[in-house]
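See structure below.
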Amino acid sequence: MPLQRLFVRRDHRPFPQLTPEDAVASVQAFLGQAQFQVYMVNPYQLHADQYFQKLGLRRAMDIWVNEQAGGSVVTAEISATLGDTEAAVGLVGAIIYLPLAVAVGAVSYIDYEQDANALLMSLWNYLGSSGPRGGPQERRCGNCGLAIEQDARFCKRCGAQVAGQTGSVPV
């Protein structure tokens, strides 16, 4: 049972080069590479959850894809909740890592907001660099969307560990 919903951010972007089906597939691949558990709510809506260990928060993303003039408009909402388990982890983190437990709330919120904004920008970059299906296979970083060399283990831009071949997305 969540104690508190700490953060919500909603944004949308048009992607004229992607059909709704291609947009959903690309979003699903991106979220999987970013270590989210992804659930299809309906053919054009996804829900994804992830425990964000760095801050002891549970974050969720809801994605809606709508058709617009032959392309797609993708709406993304990212939120964070702090539940009983996460609150205990956050308290332990405050005791271990910060001299004042009260400071962890402000630091965590600022840190989470920056990470959430970066995740949304990575999603938009990833979708913006995606093209219609049927092209050559190209691996992309699940964190920032940068094209990754086939034998790379880490992203050159953000340093994130790269998923295996299962994370391939055609572009």
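The values are calculated or read from the model by the stated rules, or taken from the named source; none is laboratory data. Only a predicted model underlies this, so the values are computations on that prediction, with no experimental measurement involved. Note that each Cβ is placed from the backbone with ideal geometry, even for glycine, and that neighbours are counted across all protein chains shown.
Restricting to the stretch 153-171, and then to whatever is in a loop (DSSP other than H, G, I, E, B) and exposed (fewer than 12 other Cβ atoms within 10 Å of the Cβ), can you tell me which residue is modelled with the highest pLDDT?
My answer is ARG153.
Quick check on my filter: what residues within the stretch 17-39 are in a strand (DSSP E or B) and over 15 Å from GLU77 (Cα atoms)?
The answer is GLN37, and nothing else.
Being surrounded by fewer than 20 Cβ atoms within 10 Å (Cβ to Cβ), under 18 Å from LEU123 (Cα atoms) and either aromatic (Phe, Trp, Tyr) or modelled with pLDDT of 85 or more (or both) is the requirement here; does VAL74 meet it?
So VAL74 does not fit the description; no.
Are any residues in the stretch 22-44 over 25 Å from CYS158 (Cβ atoms) and either surrounded by fewer than 15 Cβ atoms within 10 Å (Cβ to Cβ) or at pLDDT below 90 (or both), and if so, which ones?
Passing the criteria: TYR39, MET40, VAL41, ASN42, PRO43.
Assess whether LEU57 counts as being at pLDDT below 90 and touching a Phe, Trp or Tyr at 6+ places or on another chain (Cβ under 9 Å).
yes
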